[in-house]
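Note sheet for the following structure.
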Amino acid sequence: MDQPVSLRERKKDQTRRLLMTTALDLFEQRGFDQVSVAEVAAASSVSKKTVFNYFACKEDLILGAGKRHIDEPACAVRERPPGQTPHGAMREYLLTALAERQPMTGLSASPYVRRLQKLIADTPALTARNLYYQQQSRSLLAEVLAEEGASEVSASLIAAQILAVQEVLAVQNARRVITGESPDSVYSDAVAATQHAFHLLERGLGDLLRRPHTISTSTDND
C-alpha cells in the first residue's frame with residue numbers, strides 16, 4: 001500500500017505548485033526574459049532563496065515538472081525483464097504512458113499543460129534548456145547500453161534513435177490535440193504509430209524508400 005503523504009510533504013508540494021503557476025502567469029504576461037526570480041518570489045510571498053530550494057534555475061519553474069522523466073528511459077531499459085530488447089522496453093514504457101495520458105506523450109488536454117507547451121515553444125531560453133534535458137536523457141540511456149556491452153558509438157546511436165522516436169511521436173500527438181482533437185480520440189492512432197515506429201527500429205530501415213533507378217528512354221545519336 002502507498003504510504004500516506006505527510007503534512008510537511010503536502011505543504012512542500014503546495015509551495016512548488018504555487019511557484020510554478022505564479023511564474024507561468026508572470027512569464028505569459030511580460031515574457032520570460034523580463035521577469036526575475038526575485039519577482040516570482042515576491043508574487044508568491046516567499047524569499048528568493050526559497051525558490052531556489054525548489055528549483056535549480058529559473059527555467060525549471062516551467063520545465064521542472066518534466067525533469068522527472070529524464071532518467072525514465074534509462075530506468076525502463078535497465079529494469080527490463082530477461083528476453084526483452086532495449087527498444088522493446090521503451091515501446092512498453094511509451095504504451096503505458098499513452099494509456100495514462102501522460103503529458104510527455106502529447107496526449108494531454110490540460111489547459112495548464114497547453115500553456116506550458118506554448119510558452120516553451122515561444123521562448124528560446126526554455127527551448128534550449130528543454131533540448132539540454134533531452135540530451136541528458138539520451139546520455140543516461142547510452143550509459144545503460146554501454147554497461148551492457150555496446151560500444152560508445154553504438155550506445156549513442158541506439159539511444160538517439162530510440163528517443164527520437166519518442167520525441168517525434170509526442171509532437172505528432174500534441175499537434176492533433178492542439179488543433180482540437182481529444183486525447184481519447186487520438187489514442188488508438190497514437191498506439192498504432194508507436195507500434196509502427198518501433199517495428200521500424202526492430203527491422204532497421206533496410207530498403208525502405210530506396211529510390212528506383214531511372215530508366216532512360218532516349219537513344220544515342222550516331
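Quick note: the coordinates plus some simple rules give every number you see, no bench work behind them. A quick note: this is a predicted structure, and the numbers were derived from the prediction, not measured. Glycine gets a Cβ as well: all are built from the backbone with ideal geometry, and neighbour counts include every protein chain shown.
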With a point put 7 Å past each Cα toward its Cβ, work out how far LEU131 is from GLU28 in nm, to one decimal.
-> 2.6 nm
For ASP189 and LEU7, what is the calculated FRET efficiency with R₀ set at 41 Å and r taken between the beta-carbons, to the nearest 0.05?
-> 0.40
For segment 140-179, what is the convex hull volume of the alpha-carbon atoms per residue, in Å³?
-> 49 Å³
Determine the distance separating the Cα centre of segment 9-69 from the Cα centre of segment 176-204; give it in Å without decimals.
-> 33 Å
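Rounded to the nearest 0.05, what FRET efficiency do ALA121 and GLU152 give with R0 = 41 Å and r taken as the Cβ-Cβ distance? Could you check?
That gives a FRET efficiency of 0.80.
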Entry for Kirkwood radius over Cα pairs in Å (calculated from the structure that is shown) out of [x] 19.4; [y] 18.7; [z] 20.2 | [z]
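With a cut-off of at most 12 other beta carbons within 10 Å, and DSSP calling the residue loop, which GluC sites (Glu not before Pro) in segment 39-92 qualify? Please list them.
GLU79
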If the chain between SER36 and LYS48 were fully stretched, how many nm would it gain, using 0.36 nm times the residue separation less the Cα-Cα distance?
-> 3.3 nm
